[in-house]
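The values are calculated or read from the model by the stated rules, or taken from the named source; none is laboratory data. Owing to the predicted nature of the structure, the values given are computational and were not obtained by experimental measurement. Cβ placement follows ideal geometry from the backbone for every residue including glycine, while neighbour counts extend to all protein chains displayed. All accessible areas refer to the heavy atoms of the entire protein, side chains included, with ligands and DNA or RNA removed. Shrake-Rupley method; radii C 1.70, N 1.55, O 1.52, S 1.80 Å.
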Amino acid sequence: MIKAKAWALRKHFDGFPKDGDFELKEEQLPALKDGEVLLEAVFLSVDPYMRPYSRVRMKEGDVMIGTQVAKVVESRNSSFAVGSYLVSRCGWRTHSISDGKDLTPLLSDWPENIPKSLALGTLGMPGLTALYGLMEVCEIKAGETVLVNAAAGAVGSVVGQIAKIKGCKVIGCAGSDEKIAYLKEIGFDEVFNYKTVSSLEDALKKASPDGYDCLFENVGGHFSSVAIPQMKTFGRIAVCGSISLYNDTTPQTGPYVQPHMIFKQLRMEGFLVHRWEHKNVESLKQLMAWVKEGKLKYSEHITTGFDKMPAAFMGMLKGDNIGKAIVKV
Ligand SMILES: NC(=O)c1ccc[n+]([C@@H]2O[C@H](COP(=O)([O-])OP(=O)(O)OC[C@H]3O[C@@H](n4cnc5c(N)ncnc54)[C@H](OP(=O)(O)O)[C@@H]3O)[C@@H](O)[C@H]2O)c1
């Protein structure tokens with residue numbers, strides 16, 4: 001018998017999450033049945049989507065949703081060998097039992113020198129989000145100018161680097177000088193700290209006086225209102241996230257963007273990474289190839305200890321992370 005630990009949503013978040021909204025539970029796991037595997041969490045992901053999804057997908061008392069890289073510690077399923085690693089969507093749990101249906105094995109030739117935690121970041125859902133948002137939604141072309149916000153995060157840092165690989169000029173902004181230094185290091189052309197510039201509008205104009213062909217939108221709200229008027233004619237906006245709105249208790253209001261959309265003939269499209277799930281294996285191989293070639297660099301903000309899951313989640317929402325926010329058990 002295994003005693004698993006799990007973090008549950010004790011109380012729905014009201015505004016920014018608080019320690020008291022989470023509750024650590026113990027679960028007694030039964031013996032495995034035929035076709036099942038026992039998983040042990042090695043790395044867990046904390047992601048922005050957990051904040052808005054908690055409201056629509058969870059009720060109080062449910063275990064927090066989320067993915068993890070897990071190790072198979074016992075198996076009664078011939079598709080999953082003991083000792084193998086995979087990505088599981090079992091939530092914030094130290095141990096879990098699966099019938100194998102919701103499990104994604106890591107790429108078969110995963111190199112020893114590449115951390116398996118990247119399967120939750122650059123070589124996982126956030127990396128795929130960056131790739132699909134740029135290639136499928138923005139349809140970037142060499143020579144274009146791409147703007148990305150939350151640029152030093154899990155998605156944003158990959159967006160900027162793929163756009164550079166594809167021959168674009170990349171402008172990124174983030175919320176600390178340390179993040180700005182990191183963005184320069186990984187090849188962004190122009191960067192600024194949105195928290196310290198005196199005018200966001202002037203900073204965007206200075207970074208690209210001719211405007212922007214593509215906006216990879218991770219933040220939304222005020223940023224969008226200021227950036228959209230600076231799009232070029234026929235510009236494309238990939239609405240990936242709106243983290244500046246996730247903790248609002250009352251909705252923010254305009255300025256409204258429709259006149260700019262019309263007169264500049266802009267295209268704005270929201271998307272979820274799962275739309276292109278059928279392409280994931282080939283896309284992950286592409287991301288892995290870039291990582292191996294040194295063209296796609298990664299950074300991780302690792303918090304150690306399953307007991308620190310809520311702190312790591314809240315820290316990520318506040319902007320503590322450079323690259324992907326991960327919890328190592
Ligand atoms: N559509 C999809 O399928 C999909 C998939 C994955 C992620 N997403 C979205 O993509 C965005 C980035 O996700 P991620 O996993 O890469 O997270 P992340 O960027 O690694 O972490 C979140 C970052 O957001 C920034 N932030 C927080 N509050 C902000 C605010 N009020 N204004 C501006 N920036 C703020 C912080 O960086 P600073 O220090 O720079 O403020 C923080 O580090 C999120 O909006 C997420 O919901 C969408």
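The residue list Glu269, Glu282, Glu277 contains one member that is more than 15 Å from the ligand (Cβ to nearest atom), under 21 Å from Met135 (Cβ atoms) and of a type in the set (Asp, Glu), which is Glu282. The one condition from (1) in contact (Cβ under 8 Å) with a residue 24 or more places away in the chain; (2) over 27 Å from Tyr53 (Cα atoms); (3) part of a strand (DSSP E or B) that Phe188 does not meet is (3).
If you go through the stretch 141-156, how many residues are among the small types (Gly, Ala, Ser) and open to solvent by less than 10 Å² (accessible area, probe 1.4 Å)? Write out each step before concluding.
The initial filter retains those residues of the stretch 141-156 that are among the small types (Gly, Ala, Ser), namely 142-143, 150-154, 156.
Adding the requirement that they be open to solvent by less than 10 Å² (accessible area, probe 1.4 Å) leaves 151-152, 156.
Within the stretch 141-156, residues that are among the small types (Gly, Ala, Ser) and open to solvent by less than 10 Å² (accessible area, probe 1.4 Å) number 3.
So is Glu136 of a type in the set (Asp, Glu) and under 23 Å from the mean Cα position of the chain (by Cα) or not? Spelling it out, Glu136 is indeed of a type in the set (Asp, Glu) and under 23 Å from the mean Cα position of the chain (by Cα). A single member of Ser45, Ser54 is open to solvent by less than 20 Å² (accessible area, probe 1.4 Å), out of contact with any Asp or Glu (no Cβ under 9 Å at 6 or more places or on another chain) and more than 30 Å from Leu266 (Cα to Cα), and it is Ser45. Among the residues of the stretch 209-246, the ones that are in contact (Cβ under 8 Å) with a residue 60 or more places away in the chain and within 8 Å of the ligand (Cβ to nearest atom) come to 7 in all.
In the stretch 212-329, counting only strands (runs of 3 or more DSSP E) that sit wholly within it, the ones holding 1 or more residues that are of a type in the set (Lys, Arg), touching a Gly at 6+ places or on another chain (Cβ under 7 Å) and open to solvent by less than 40 Å² (accessible area, probe 1.4 Å) span 324-328.
Can you find a residue in the stretch 99-114 that is surrounded by 20 or more Cβ atoms within 10 Å (Cβ to Cβ) and in contact with a helix residue (DSSP H, G or I) (Cβ under 8 Å, 6 or more places away or on another chain)? No.
With respect to the conditions (1) of a type in the set (A, V, I, L, M, F, W, C); (2) in a strand (DSSP E or B); (3) touching a residue at least 60 places away in the same chain (Cβ under 8 Å); (4) not assigned by TED's automatic domain parsing to the domain that holds Asp307, Ile97 falls short on a single one, namely (4). Just for the stretch 157-207: of the residues that are within 14 Å of the ligand (Cβ to nearest atom) and among the basic types (Lys, Arg), which one is surrounded by the fewest Cβ atoms within 10 Å (Cβ to Cβ)? By that ranking, first place goes to Lys195.
Among the residues of the stretch 1-53, those identified as among the hydroxyl-bearing types (Ser, Thr, Tyr) and out of contact with any strand residue (DSSP E or B) (no Cβ under 7 Å at 6 or more places or on another chain) are Tyr49, Tyr53. Go through the stretch 103-142 and give me each residue that's outside any helix (DSSP H, G or I) and among the polar types (S, T, N, Q). Residues satisfying the conditions are Thr104, Ser108, Asn113, Thr122.
Annotation note: of Pro259, Pro310, the sole residue that is farther than 16 Å from Ala150 by Cβ and either within 22 Å of the chain's Cα centre (by Cα) or within 16 Å of the ligand (Cβ to nearest atom) (or both) is Pro310.
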